[in-house]
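Please read the structure below before turning to the comments.
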Amino acid sequence: MHLYDSERQKSAPIKGQTMRSNAEIQSQFDEIDTDGDGYITADELKMYLQQNPKVSDANAAATFKYADENSDGQISFEEFAELIRK
Ligand SMILES: [Ca+2]
Ligand SMILES: [Ca+2]
């Protein structure tokens, strides 16, 4: 799962799966939330996205801004789930 790719390719959901279970979303959330505090920070998202070296800092920052709907500087599980389901 690549957040940045999925955002760019909205019209082509990965393997046709538009719905994911909460358990799948939770496990991915936990993978990104490396310090386990229940929120994804810009740094955590960037580290995760840049496992793919093609993702630039600007792209990571744009993805974070897009996901952080209430602009409090962190992505809650609810915001993350929204992002995945879009
Ligand atoms: Ca965290
Ligand atoms: Ca937020």
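The values are calculated or read from the model by the stated rules, or taken from the named source; none is laboratory data. Predicted model, so just to flag it, every value in this text is computed and none were measured. Because the Cβ atoms are built from the backbone with ideal geometry, glycine has one as well, and the counts that use them run over all protein chains shown.
Would you tally the residues in region 21-68 being closer than 18 Å to Lys86 by Cα, part of a loop (DSSP other than H, G, I, E, B) and either within 12 Å of the chain's Cα centre (by Cα) or within 16 Å of ligand 1 (Cβ to nearest atom) (or both)?
Count: 1.
Just checking, how many residues over region 33-57 are closer than 16 Å to Ala67 by Cα and out of contact with any His (no Cβ under 9 Å at 6 or more places or on another chain)?
Total satisfying the criteria: 13.
Can you give me the number of residues within region 40-68 that are in contact with a strand residue (DSSP E or B) (Cβ under 9 Å, 6 or more places away or on another chain) and either over 19 Å from Ser27 (Cβ atoms) or β-branched (Val, Ile, Thr) (or both)?
The number of residues fulfilling the criteria is 5.
Keeping to region 69-86, report how many residues are over 12 Å from the mean Cα position of the chain (by Cα) and under 15 Å from Asp33 (Cα atoms).
Count: 1.
Quick one: would you say Ser71 is surrounded by fewer than 16 Cβ atoms within 10 Å (Cβ to Cβ), modelled with pLDDT under 95 and not in a helix (DSSP H, G or I)?
When the stated conditions are applied, Ser71 does not pass them.
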